[in-house]
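Q: The structure is given below, and queries will be raised subsequently.
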Amino acid sequence: DAGVIQSPRHEVTEMGQEVTLRCKPISGHDYLFWYRQTMMRGLELLIYFNNNVPIDDSGMPEDRFSAKMPNASFSTLKIQPSEPRDSAVYFCASSPPPGQGASYEQYFGPGTRLTVT
Amino acid sequence: AQSVTQPDIHITVSEGASLELRCNYSYGATPYLFWYVQSPGQGLQLLLKYFSGDTLVQGIKGFEAEFKRSQSSFNLRKPSVHWSDAAEYFCAVGPPGYQKVTFGIGTKLQVIP
């Protein structure tokens, strides 16, 4: 398996622009997580899905952030409009269903480094 | 809600020396506990996990961790550090049976020759 795939790896955009980050989880994993990592706040969970349904979005900073999972193999995190304080590394992770040997283990993608100028 | 503390932000050890990274958690019962490692420019990778049973768990890359209920700790150890172990290490805690975990702030490990 190719692991969790994220695109783009780097994104530089101007304040006010819309940004869309993409994630393809590992096949067979039914949990998908979006995290944000910054020096100041560390690794924060933004939202997670189970079987394409959002379970907990309490970490989403504000209405400018939205996430979707239209099918089991694709998810997006959108920021509209973007602001300089959104600059961070955004990680997607996936996890297999409970009952499997790797249950509750999260497999991380390489991340998308977002810079908003 | 659970919380996790990694008291050491930065640790420097000599290659070949032993290593212990500290992790303390706050939770009403025995949580699920994890250690992850992040190399520069990469995502996190699971080193080991503890759910129940034997309190000493073995992980990948020669790491081990010991769960101590009385101290609410889950410290990560390695007997002899290699230069390739230089990375950032994250402890994570979650309620049993739930996928959502809370990550610590991380400990950055520097290995000197």
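The values are calculated or read from the model by the stated rules, or taken from the named source; none is laboratory data. All values reported here derive from a predicted model rather than from experimental measurement. Using ideal geometry, Cβ is built from the backbone for each residue, glycine included, and neighbour counts are taken over all protein chains shown. The protein model used for the area step is the full one, side chains on, heavy atoms only, and it has no ligands, DNA or RNA in it. Shrake-Rupley method; radii C 1.70, N 1.55, O 1.52, S 1.80 Å.
Q: Per-residue mean of other chain beta-carbon atoms within 10 angstrom of the beta-carbon, peptide A:106-115?
A: 3
Q: On to the next question. What residues of the range A:10-53 lose no less than 30 Å² of accessible area with every protein chain in place versus their chain by itself (probe 1.4 Å, heavy atoms only)?
A: Hits at the 30 Å² cut-off: A:Gln37, A:Leu43, A:Leu45, A:Tyr48.
Q: I would also like to ask the following. Using mean Cβ contacts within 10 Å as the protection proxy, how do A:99-110, B:93-104 order, highest first? The partial results should precede the final answer.
A: Numbers: A:99-110: 17.2, B:93-104: 18.8.
Packing proxy ranking, top to bottom: B:93-104, A:99-110.
Q: Once you average over the residues of B:47-56, how many Cβ atoms of partner chains fall within 10 Å of each Cβ?
A: 1
Q: Can you tally the net charge around B:Tyr89? Count Lys and Arg as +1, Asp and Glu as -1, for every other residue whose Cβ sits under 12 Å from the Cβ of B:Tyr89. Mind showing how you got there, number by number?
A: Numbers: positive: B:Arg22, B:Lys61, B:Arg77, B:Lys78, B:Lys108; negative: B:Asp8, B:Glu20, B:Asp85, B:Glu88.
Overall, the nearby charge balance is +1.
Q: Given the convex hull over the Cα atoms of the range B:1-59, what projected area results after averaging over all orientations, in nm²?
A: Values: hull surface 22.1 nm².
Computed as one quarter of the Cα hull surface, the answer is 5.5 nm².
Q: Give me the net charge of A:Arg9's neighbourhood, meaning all other residues with Cβ under 14 Å from the Cβ of A:Arg9; Lys, Arg count +1, Asp, Glu -1. Provide the component values of the computation, followed by the final result.
A: Numbers: positive: A:Arg22, A:Lys24, A:Arg113; negative: A:Glu11.
Spelling it out: positives minus negatives among the neighbours equals +2.
Q: What's the FRET efficiency of B:Gln110 with B:Thr55 using the Cβ-Cβ distance as r and R₀ = 30 Å, to the nearest 0.05?
A: 0.55
Q: What is the list of residues in the range A:38-76 whose amide nitrogen lies under 17 Å from a point 7 angstrom out from the Cα of A:Gln100, following Cα to Cβ?
A: A:49-53, A:71-75
Q: Given a 1.4 angstrom probe, I'd like the percentage of the accessible area of chain A that is carbon and sulfur, rounded to a whole number.
A: Looking at chain A in its full context, I get 50 percent from C and S.
Q: Also, quick follow-up: Give the cross-link partners of B:Lys49 among the aspartates and glutamates, using a straight C-alpha distance below 13 Å as the criterion and excluding same-chain residues fewer than 8 apart.
A: The reachable aspartates and glutamates, counting only those whose Cα sits under 13 Å from B:Lys49, are A:Glu105, B:Glu64, B:Glu66.
Q: Nearest 20 debye, what's the magnitude of the dipole of the range A:1-88 about its Cα centre given +1 on Lys and Arg Cβ and -1 on Asp and Glu Cβ?
A: My answer is approximately 180 debye.
Q: How much solvent-accessible surface does A:Arg22 expose, in Å² to the nearest 10, with a 1.4 Å probe and all protein chains in place?
A: In the full protein context, A:Arg22 sits at about 100 Å².
Q: Can I ask one more? Can you tell me the Rg and Dmax of chain B, counting just the alpha carbons, in angstroms?
A: 13.4, 42
Q: If you line up the Cα atoms of the protein assembly as shown on their principal axes, what length do they span on each, largest first, in Å?
A: Here the spans come out as 49, 41, 34 Å, largest first.
Q: How much accessible surface area, in Å² rounded to 10, belongs to the heavy atoms of B:Asp54 with a 1.4 Å probe?
A: 110 Å²
Q: At 7 Å along the Cα-to-beta-carbon direction for both A:Asn50 and A:Ile5, put a label point, then send me their distance in nm to one decimal.
A: A separation of 2.8 nm, rounded to one decimal place.
Q: Between A:Ser27 and A:Arg113, what is the FRET efficiency for a Förster distance of 41 Å, r being their Cβ-Cβ separation, to the nearest 0.05?
A: Taking R0 as 41 Å, the efficiency between A:Ser27 and A:Arg113 is 0.95.
Q: Under the classification rounded if a/c is under 1.5, otherwise prolate if a/b is larger than b/c and oblate if not, where does chain A fall, given a ≥ b ≥ c as square roots of the Cα gyration tensor eigenvalues?
A: Numbers: a/c = 1.87, a/b = 1.79, b/c = 1.05.
Prolate is the answer for chain A, as a/c is 1.5 or above and a/b outweighs b/c.
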